Amino acid sequence: MEPVIYRADRSAGWIEVICGSMFSGKTEELIRRLRRAQIARQRIEIFKPTVDARYSDEEVVSHDENALSSIAVDSAEQIILMVGSADVVGIDEAQFFGLELLTSAQELARQGKRVIVAGLDQDYLGRPFEPIPQMMAIAEHVTKLHAICVVCGAPANHSQRLTASDERVVVGATDVYEPRCRNCFDPGLGRKISEGRTASNPEPEAGVQPPPKKIAPTIK
């Protein structure tokens, strides 16, 4: 639910955080809040990191293809320089900006702006993904969303990586990630894939030799 804040002092700003796993609807919720601000005739500005060009270079786009025009920036410091007279500032894929986003978001709030930050709160290993946990601590309002686990249908809190990369940042969508619940999440899946061990090709038990491959008889 979108937070409702009464501002006795119209010069006071605040920070909202929308977090969760991939495919939980973070960008969709960000777009919804920004569009409502537009209806209220508030000036909005939206920023995203240049590294996120999955759907568009010039728009913030959710997985269900809702979109708003945005500005791609290389760093959180650029947001301060480019925000102009906006009343509401949206920041998508915030986990790609790093801890410097904390300083930028707090400065914008001090300027009287409503700052809405959306991003992953955990990485592909299930570890806290900076700067979202720190941003949650300083924000006035936090919304945590869940996807649906593709394995069992339970609420999904994890982003399961399906590729063999060990890099913390790998940009992708359904071709690289899927939502998983706590019980179905396997942080070692990428390593298993790189070693050729999957559910259909499990690692043999210690001391047990794999069965010999059957060789088709030669027909003479």
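Details
- Taken over region 85-107, the residue count meeting the criterion of being touching a residue at least 40 places away in the same chain (Cβ under 8 Å) and either more than 14 Å from residue 17 (Cα to Cα) or hydroxyl-bearing (Ser, Thr, Tyr) (or both) is 5.
- Scanning region 134-163 for residues that are of a type in the set (A, V, I, L, M, F, W, C), closer than 22 Å to residue 99 by Cα, touching a strand residue (DSSP E or B) at 6+ places or on another chain (Cβ under 6 Å) and outside any strand (DSSP E or B) yields a count of 3.
- Inspection of region 69-76 finds no residue satisfying the criterion of being farther than 12 Å from residue 50 by Cα and crowded, with 21+ Cβ neighbours inside 10 Å.
- Flag if residue 11 is assigned to a loop (DSSP other than H, G, I, E, B), modelled with pLDDT under 95, surrounded by 13 or more Cβ atoms within 10 Å (Cβ to Cβ) and of a type in the set (S, T, N, Q): no
- Verdict on residue 24 being within 23 Å of residue 137 (Cα to Cα), polar (S, T, N, Q), modelled with pLDDT of 95 or more and in a loop (DSSP other than H, G, I, E, B): yes
- Residue check, residue 118 in a helix (DSSP H, G or I) and in contact with a helix residue (DSSP H, G or I) (Cβ under 8 Å, 6 or more places away or on another chain): no
- Looking only at region 33-68, and only at residues there that are surrounded by 15 or more Cβ atoms within 10 Å (Cβ to Cβ) and basic (Lys, Arg), the one that is modelled with the lowest pLDDT: 48
- Residue check, residue 104 over 15 Å from the mean Cα position of the chain (by Cα), in a helix (DSSP H, G or I) and among the hydroxyl-bearing types (Ser, Thr, Tyr): yes
- Residue within region 85-95 that is over 23 Å from residue 48 (Cβ atoms), modelled with pLDDT of 95 or more and in a strand (DSSP E or B) present: no
The values are calculated or read from the model by the stated rules, or taken from the named source; none is laboratory data. Since this is a predicted model, take the numbers as computed values, not measurements. Methodologically, a virtual Cβ is constructed for each residue, glycine included, from the backbone with ideal geometry; neighbour enumeration extends over all protein chains shown.
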